[in-house]
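Visitor: Sharing a structure here in structure tokens format.
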């Protein structure tokens, strides 16, 4: 949640207040240091952003309004600002998400969502997805190996029929597994609640630590708005 | 209550909604502490019978009672109690282990039975110790071997301290060592047990008594030794001892 708040604050900062963004990047970096995430890991994992940045970089070349030149480049001022905004804000968002996913296991994330009063059903569905994604991908792999063992290699459009059949078989199998899992749950007295005893209430200190980053960002936003 | 059999099935018949009748009047009485093997060919109705033992399927005709209580699938409170008394271990441990970690999965049953806090922890630890899997408590199930998952599946049910343990094909897909380890664990439990299996040597090893289900009725009921040495009976029910295996 802290990550979400941080992203919202940083996205709502106008791009012209460039001082604020320097502070945001510093803040993320400090948090990652505290969390003992090696900087290379942080950078490698944020590479996922590149395809999005690519389009943002093209933006200044197309647009309307005031133009100006940097060296050989002829750019549009407004588009440049918009692109810079996308790149900076996007990078901030990705970095904070990377910090979250590196420090927190999927299981803890789900517990967190549960604590934040996300509907129980959604948390349960996500929990099961987490548990069965491996089982189903293993099944998919076994089916792929079985296909290929009988001489099938997907080469083009004409093979889509086979792949579609395989996908539907996988779907039916997953559906049937769902039925069996439900039976197994009923057999152990399932009435609609998953055990939550293992989750502990978050102490105030944890809340404060968690909110430190977005609060810091918010204070910077306010101060740069006041000064600038 | 003390003299009531653990499981008493009388004239149980059942047809699936599509009209396919699976059971035609099953009678079975299992005394407390008995270990019974339920044998029979594929499609004999074994799994359907198991689904009646804990009230997943309602008894359409006849009755099923557990420790003296007749199962009524309309009575939710009774059903909860019955499901605490009859522990079913399903064939595919991936169907049984649906929580993110082994410990949480084992906690699922006792939690539904109303245990909380330290009591819940104690039940989980005890069940894990019974199947020698204590050190795997915080591991996700998909990181375990198949044999380990099967053992955890047994523990998930043991944690509910059931009156009867019902196992569906407990030895299927296990390597010989896992198979033997599971047998040792099952033998060490002081509990009534119904074991659905095709693995006749396994039945011989673990259960003094066997019943054969075929075409939705019980066609034989006796000592495992007597049944497994009656080759005509086995042949008539599509059951075979492994090659080279003989019982004197």
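Visitor: Place the peptides B:118-129, B:18-29, B:83-94 in order of packing, highest mean first, counting for every residue the other Cβ atoms within 10 Å and averaging per peptide. It would help to have the intermediate numbers written out before the result.
Guide: Values: B:118-129: 17.5, B:18-29: 15.2, B:83-94: 22.7.
The peptides rank, most packed first, as B:83-94, B:118-129, B:18-29.
Visitor: Which of A:191, A:91, B:224, B:47 has the fewest other C-beta atoms within 10 Å, and how do the rest follow up to the most?
Guide: Working: A:191 10, A:91 19, B:224 22, B:47 15.
Ranking A:191, A:91, B:224, B:47 by Cβ neighbours within 10 Å, fewest first, gives A:191, B:47, A:91, B:224.
Visitor: Right, here's the next one. Given the alpha-carbon gyration tensor of chain B, what are the semi-axes of its equivalent ellipsoid in whole angstrom, ordered largest first, with each equal to the square root of 5 times an eigenvalue? Could the numbers behind the result be given before it?
Guide: Working: eigenvalues 161, 109, 49 Å².
So the three semi-axes of chain B are 28, 23, 16 Å.
Visitor: For the modelled label position 7 Å from the Cα of residue B:217 along Cα-to-Cβ, which residues of the stretch B:3-23 have backbone nitrogen atoms closer than 18 Å?
Guide: Once the point is set 7 Å along Cα→Cβ of residue B:217, B:9-15, B:21-23 turn out to lie under 18 Å by backbone N, inside the stretch B:3-23.
Visitor: For the ranges B:156-163, B:52-59, A:153-160, what's the packing order if you count other beta-carbon atoms within 10 Å of each residue, average per peptide, and put the highest first?
Guide: Listed from highest to lowest mean packing, they are B:156-163, B:52-59, A:153-160.
Visitor: Using a simple spin-label model with points 7 Å from Cα along the Cα→Cβ vector, what separation in nm is obtained for residue B:116 and residue A:29?
Guide: 4.9
Visitor: Oh, and also: Can you give the average number of partner chain beta-carbon atoms within 10 Å of each beta-carbon in peptide A:174-187, as a whole number? The partial results should precede the final answer.
Guide: Numbers: counts 0, 0, 1, 4, 2, 1, 7, 7, 3, 7, 15, 7, 8, 18.
Taking all residues of A:174-187 together, the mean is 6.
Visitor: Still on this model: Could you tell me the distance between the Cα centroids of the stretch B:14-39 and the stretch B:113-155, to the nearest Å?
Guide: Rounded to whole Å, the Cα centres lie 30 Å apart.
Visitor: Next up: Need one number: % antiparallel among DSSP beta bridges in chain B, to the nearest 5. Each step should come with its number before you reach the end.
Guide: On the way: 20 of 37 bridges.
Beta bridges within chain B, antiparallel portion: roughly 55 percent.
Visitor: Within a 10 angstrom radius of each residue's Cβ in A:126-134, how many Cβ atoms of other chains show up on average? Whole number is fine. Present the calculation step by step, with values, prior to reporting the outcome.
Guide: On the way: counts 0, 4, 3, 0, 3, 10, 3, 1, 5.
What the average comes to for A:126-134 is 3.
Visitor: When B:223, A:96, B:172 are ordered from fewest to most other Cβ atoms inside 10 Å of their Cβ, what list results?
Guide: Arranged by neighbour count, lowest to highest, B:223, A:96, B:172 become B:223, B:172, A:96.
Visitor: What ranking do A:120, B:214 get, fewest neighbouring Cβ atoms within 10 angstrom at the top? Please report the intermediate quantities before stating the final value.
Guide: On the way: A:120 13, B:214 19.
Starting with the residue having the fewest Cβ neighbours, the order is A:120, B:214.
Visitor: On to the next question. Beyond 15 Å, what share of the Cα-Cα pairs of the stretch A:119-187 is found? Please give it as a whole percent.
Guide: Roughly 64 percent, rounded to a whole number.
Visitor: Taking 0.36 nm per intervening residue step and subtracting the Cα-Cα distance, what contour gain separates residue B:61 from residue B:229 on full extension?
Guide: Values: separation 168, 0.36 × 168 = 60.48 nm, distance 3.39 nm.
Separation in residues times 0.36 nm, less the Cα-Cα distance, equals 57.1 nm.
Taken together, the values in this text are just the output of simple stated rules run on the coordinates, not laboratory data. None of these values were measured; they are calculated from a predicted model. Glycine also receives a Cβ, built like all others from the backbone with ideal geometry; neighbour counts cover every protein chain displayed.
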